[in-house]
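I have placed the structure first, in the form of structure tokens, so that the comments after it can refer back to it.
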Amino acid sequence: MSKSSGRRSRRVFNAEFKAKVALAALREDKTLAALCQQYELHPAQITEWKKQLLERAADVFEIGRAHV
């Protein structure tokens, strides 16, 4: 079944995929354009996930600290 408008249906990405893409963007071993092509994403989406990862990275250590 395909839509007559030709638009792609909305995709939902799990947290593991988002982290994988954001980490790839942080490594900077590929250009943003190459990552967009590889993962079939818009540059703004990759940039947003990278920003979110950087903003929340410290939370990983805070959460771990509560369990020690």
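The numbers here are math on the coordinates, done by the rules we state, and not lab data. Everything quoted here is computed from the prediction, not taken from an experiment.
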Aspartates and glutamates near LYS30 by alpha-carbon distance under 19 Å, same-chain residues fewer than 8 away left out - which ones? GLU40, GLU48
Column: log10 I(q)/I(0), Debye, Cα scatterers of the chain, q = 0.20, 0.23, 0.25 Å⁻¹: -0.86, -1.00, -1.09
Taking 8 Å as the Cα distance limit and 6 or more residues as the minimum spacing, I'd like the relative contact order of segment 1-59 as a percentage. 32
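If each residue of separation counts as 0.36 nm, what is the full-extension length gain between ARG27 and ALA44 once their alpha-carbon separation is subtracted?
On the way: separation 17, 0.36 × 17 = 6.12 nm, distance 1.72 nm.
Answer, rounded to one decimal: 4.4 nm.
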